[in-house]
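Participant: Attaching a single structure in structure tokens format; questions to follow.
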Amino acid sequence: MANKAYGSKTTLIGGGATALDSIDGAGLVDGDIAFVAVSGILYVYRLNATSGATDDGLNVIAPDANAGDKRWILQLPHKTITPGTTVTASTGSPAYIDFTGIPSWVNRITVMFSGLSTNGTSNLLVRLGDSGGIETTSYISGEGAINTSAQAGGASATDGILLAVPTAAGLIYGHMTLTLLDRTTNTWVASGLAIRDDSTDTTIYTAGGKALSATLDRIRITTQNGTDTFDAGTINILYE
């Protein structure tokens, strides 16, 4: 029997007509593919006809009818990129920007920013959080900088992962990648690269790490002193 691709589902479980687990196992064969779009996330599943694994509602899903050992195995979840969060004086000049509702399966997050500016010179930080809130201690982070003529200093931080060092006149462009190193200890590592568009055209490179108390579900971009506010630019995340 030829393999099929199923692409009309919009929920993972629940047995309803829109759910992946509503597909009758009697008609499924090894290697069938299913695409499920849920709240801007595209899940790709492949059927393993002899798996018999325990259904966990996400990574492994069993058909509600005639399942036998047939299981849908998660292959590839992707977050659809939506327009970034624009930070300007007209939107309240926020002291921090939160991205919440990050799914538990995420292994990598990319923070992207363009034309980012604040009203001061306090270091920009990325902070990680879980169901208990944003964590502000026990980070390991450092940054260095090079301008058009020489090494331009560095910094370290334990209250967040350094993202960039702003100046009054400079706009910042770049990205940071956060990667899950160890799911059992919720340990994340990070590296980033940015350029500050000012008279020195300074390139900023950063790295860091943090073990959370629980599964990550949010991140915050903020200023180290907690009082400088964002007044220009766009920032967004991609997770996978």
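Participant: Looking at the structure I just gave you, is ILE102 surrounded by 20 or more Cβ atoms within 10 Å (Cβ to Cβ), closer than 18 Å to ILE235 by Cβ and of a type in the set (A, V, I, L, M)? Steps first, please.
Facilitator: Values: surrounded by 20 or more Cβ atoms within 10 Å (Cβ to Cβ): no; closer than 18 Å to ILE235 by Cβ: yes; of a type in the set (A, V, I, L, M): yes.
Spelling it out, it is not the case that ILE102 is surrounded by 20 or more Cβ atoms within 10 Å (Cβ to Cβ), closer than 18 Å to ILE235 by Cβ and of a type in the set (A, V, I, L, M).
Here's the yes/no breakdown for (1) modelled with pLDDT under 95; (2) in the same structural domain as THR137 (by TED's automatic domain parsing); (3) closer than 14 Å to LEU125 by Cβ:
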| site | (1), (2), (3) |
| --- | --- |
| VAL165 | yes, yes, yes |
| ILE172 | yes, yes, yes |
| ASN186 | no, yes, no |
| ARG196 | yes, yes, no |
| SER199 | yes, yes, no |
| ILE204 | yes, yes, yes |
| GLY208 | no, yes, yes |
| LEU212 | no, yes, no |
| ILE221 | yes, yes, yes |
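Participant: Here is a follow-up. Which one of the conditions (1) in contact (Cβ under 8 Å) with a residue 40 or more places away in the chain; (2) over 15 Å from TRP105 (Cα atoms); (3) in a loop (DSSP other than H, G, I, E, B) does THR50 fail to meet, given that it meets all the rest?
Facilitator: (1)
Participant: Also, I was wondering about something else. Restricting attention to region 199-219, which residues are among the β-branched types (Val, Ile, Thr), in contact with a Ser or Thr (Cβ under 9 Å, 6 or more places away or on another chain) and either surrounded by 18 or more Cβ atoms within 10 Å (Cβ to Cβ) or free of Cβ contacts under 8 Å to residues at least 24 places away in the same chain (or both)?
Facilitator: Scanning region 199-219 gives THR202, THR206, ILE219.
Participant: If you check every pair at least six apart or on different chains, which have Cβ atoms under 7 Å apart with a residue in region 129-142 that is without any contact (Cβ under 8 Å) to a residue 40 or more places away in the chain first and a residue that is assigned to a loop (DSSP other than H, G, I, E, B) and surrounded by fewer than 16 Cβ atoms within 10 Å (Cβ to Cβ) second?
Facilitator: Here the result reads THR137/THR158, each pair linking region 129-142 to a residue that is assigned to a loop (DSSP other than H, G, I, E, B) and surrounded by fewer than 16 Cβ atoms within 10 Å (Cβ to Cβ).
Rundown of residues vs (1) touching a residue at least 60 places away in the same chain (Cβ under 8 Å); (2) crowded, with 17+ Cβ neighbours inside 10 Å; (3) in contact with a Phe, Trp or Tyr (Cβ under 9 Å, 6 or more places away or on another chain); (4) over 18 Å from ILE219 (Cβ atoms), yes/no style:
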residue	(1), (2), (3), (4)
ASN107	yes, no, yes, no
GLY160	yes, yes, yes, no
LEU163	no, yes, yes, no
ALA168	no, no, no, yes
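Participant: Inside region 100-121, can you point out the residues that are part of a strand (DSSP E or B) and farther than 15 Å from THR215 by Cα? Before you say what the answer is, go through the steps one by one.
Facilitator: Taking region 100-121 as the starting set, the residues that turn out to be part of a strand (DSSP E or B) are 100, 108-118.
Within region 100-121, THR110, VAL111, MET112, PHE113, SER114, GLY115, LEU116, SER117, THR118 meet the criteria.
The values are calculated or read from the model by the stated rules, or taken from the named source; none is laboratory data. Note that this is a predicted model, so its numbers are computed, not measured. Here Cβ is always computed from backbone atoms with ideal geometry, including for glycine, and neighbour counts include all displayed protein chains.
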